[in-house]
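Just below is one structure, and these are the notes that go with it.
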Amino acid sequence: MKTGIITLAVVFSIHLSSCDIDEIFKKDSGKLGGDPNIELNVVGNDFSASPKVNNSNLNLPASAVITKTEGGVNTVRVIADLRNDTRLAKYNSMIPAQYKDAQGRLNVEAKFMATTEGMLDYTNKDQKPFVVVRYNAKVGDTYELKKSDGKTITRTVTQKSTTDDFDYGFFLIKTITVEQDSRIPGISKFVYKLNHKYGLVNVAMHADDATIIESNIYSRYP
């Protein structure tokens, strides 16, 4: 199994532990059209990454693999051990025990939907859909999730490439950047970069103390 999916694991688990049971959606938050018959949505598809903390490389054992796909909705099993690097100790302590296995590793199942139109995720306790991006988005577009406590989580499109300008492995690609504000103590925002072919290609978590945990995400397919 490929390794290094640590950043995605942290983001999934902290999202799961922070959302309310009763989620109420507004605006353009929970619907996605397009064709789900794309190479990304293949059972057995696994993901590797290049995780960093403040531009310092991490090399920790982890795995993420699609175990089920139905109508473009993918179930992915994420396993990662955050215990052996002191730089991750604070974030490991934020993960509730129910998201860890008997060995103390992060061990979660998450869902996301990918189509030719865009991507959404289900990283809330209700496992309800929340749009990450639409590939026809314009800078300034927003996707909002209003929680039962009255607070709203907002995802905002802040950048859209017009040329191949993002370094993705051995080549350059176009990306759309989406920033999400945070209601999690100690975390200021999440930043996602997405591509119409490869889906989520980079994710970053920005902490209040200026720590940034980020990684490129590489899918085996396409």
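The values are calculated or read from the model by the stated rules, or taken from the named source; none is laboratory data. These figures come from a predicted structure and were not determined experimentally. Glycine gets a Cβ as well: all are built from the backbone with ideal geometry, and neighbour counts include every protein chain shown. Remember, those area values only see protein heavy atoms, side chains included, never the ligands or the DNA or RNA. Shrake-Rupley method; radii C 1.70, N 1.55, O 1.52, S 1.80 Å.
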message: Quick check: residue separation of Gln159 and Ala102 times 0.36 nm, minus the Cα distance between them. What number comes out in nm?
response: 16.4 nm
- prompt: Counting Lys and Arg as +1 and Asp and Glu as -1, what is the net charge of the other residues whose Cβ lies under 12 Å from the Cβ of Thr69?
  reply: 0
- request: Starting at the first residue of region 200-215, write each ³J(HN,Hα) from the Karplus equation 6.51 cos²θ - 1.76 cosθ + 1.60 with θ = phi - 60°, in whole Hz, x for Gly and Pro.
  value: 6, 10, 7, 9, 9, 10, 9, 8, 5, 8, 6, 5, 10, 9, 9, 6
message: Could you identify which residue out of Thr162, Thr67, Thr123 has the top mean-square fluctuation in a GNM of the chain using Cα springs shorter than 10 Å?
response: Thr162
query: Say a site is exposed when it is one of the trypsin sites (Lys or Arg not before Pro), sits in a DSSP loop, and has at most 11 other Cβ atoms within 10 Å; what is then the longest site-free stretch of the chain?
result: 32-137
field: Top positive-direction residue, dipole computed over the chain with Cβ charges, set Pro222, Gln103, Pro36
entry: Gln103
message: Explain nothing, just compute: Karplus ³J(HN,Hα) = 6.51 cos²θ - 1.76 cosθ + 1.60, θ = phi - 60°, for every residue of region 96-107 in order, whole Hz, x for Gly and Pro.
response: x, 4, 5, 9, 10, 8, 4, 8, x, 7, 4, 8
field: Read-out P(r) over Cα pairs in 10 Å bins from 0, in percent, derived from the coordinates shown; its label in (1) 8, 35, 41, 15, 1; (2) 7, 32, 40, 18, 2, 0; (3) 8, 32, 36, 20, 4, 0
entry: (1)
- prompt: With all protein chains present, how much of the accessible area of region 77-221 (probe radius 1.4 Å) comes from carbon and sulfur, to the nearest whole percent?
  reply: 50 percent
